[in-house]
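To start, the structure under review is shown below, and the notes come after it.
The values are calculated or read from the model by the stated rules, or taken from the named source; none is laboratory data. These figures come from a predicted structure and were not determined experimentally. Cβ coordinates were reconstructed from backbone atoms using ideal geometry, including for glycine residues, and neighbour counts include every protein chain displayed. Surface accessibility is based on the protein's heavy atoms, side chains included, excluding ligands, DNA and RNA. Shrake-Rupley method; radii C 1.70, N 1.55, O 1.52, S 1.80 Å.
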Amino acid sequence: MTAGRPGLRVWHAGRVPYRLALAWQEQLLAERPANSPDQLLLLEHPPVVTLGRGANRAHLLWSPEELAAREIDVVTTARGGDVTYHGPGQLVGYPLVDLDRCGRDVHAYLRRIEELTGVPIEIVSLGPDRDQTIVLSNPYIRKSARSKPKAKPSRPKRR
């Protein structure tokens with residue numbers, strides 16, 4: 001970290017249950033001192049389907065009983081979005097940033113992250129103090145036998 005710039009603290013957390021990761025983010029934001037570094041949580045979740053504010057339960061592919069039988073947790077959140085699956089092998093990044101330092105232009109900030117990572121971005125929460133939580137997600141990234149990331153060439157086509 002350089003003088004005058006708080007920097008970025010990156011947490012490599014491994015596999016963290018969704019509810020615990022959400023509580024962790026809320027705690028970090030609540031305890032955040034002024035002029036502290038932005039933070040980036042990098043993790044995976046055990047199988048979970050999140051239902052955001054815009055969720056339509058008709059978009060669930062399985063019944064609640066089938067999801068439970070497959071040991072896929074279902075979590076309703078106050079964040080934006082519809083129905084989203086997170087699971088092992090899918091890297092999720094939760095940046096906790098002070099947008100005042102970024103000129104308060106959320107879209108420019110997101111485009112810059114996309115340029116740097118090559119990963120599509122979805123806004124999942126914009127708090128009242130404008131701290132931003134964003135999901136960087138690409139479910140088509142898989143781990144090879146050597147644990148090096150490998151991208152699938154294209155999405156499967158529906159018939």
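List pairs: first in the range 36-49 and touching a residue at least 60 places away in the same chain (Cβ under 8 Å) and of a type outside the set (S, T, N, Q), second open to solvent by 10 Å² or more (accessible area, probe 1.4 Å) and not in a strand (DSSP E or B), Cβ under 7 Å, 6+ apart or cross-chain?
Hits for this filter: ASP38/PRO6; ASP38/ASP98.
Can you find, within the range 99-132, the residue that is farthest from GLY80 (Cα to Cα) among those that are at pLDDT 70 or above and surrounded by 14 or more Cβ atoms within 10 Å (Cβ to Cβ)?
CYS102
When you scan the range 20-28, do you find a residue that is in contact with a strand residue (DSSP E or B) (Cβ under 7 Å, 6 or more places away or on another chain) and either assigned to a strand (DSSP E or B) or loosely packed, with under 15 Cβ neighbours inside 10 Å (or both), even just one?
Looking for residues that are in contact with a strand residue (DSSP E or B) (Cβ under 7 Å, 6 or more places away or on another chain) and either assigned to a strand (DSSP E or B) or loosely packed, with under 15 Cβ neighbours inside 10 Å (or both), one finds none in the range 20-28, hence no.
Among the residues of the range 60-75, are any touching an Asp or Glu at 6+ places or on another chain (Cβ under 7 Å) and either open to solvent by 50 Å² or more (accessible area, probe 1.4 Å) or of a type outside the set (A, V, I, L, M, F, W, C) (or both)?
First, pick out the residues of the range 60-75 that are touching an Asp or Glu at 6+ places or on another chain (Cβ under 7 Å): none.
No, the range 60-75 contains no residue that is touching an Asp or Glu at 6+ places or on another chain (Cβ under 7 Å) and either open to solvent by 50 Å² or more (accessible area, probe 1.4 Å) or of a type outside the set (A, V, I, L, M, F, W, C) (or both).
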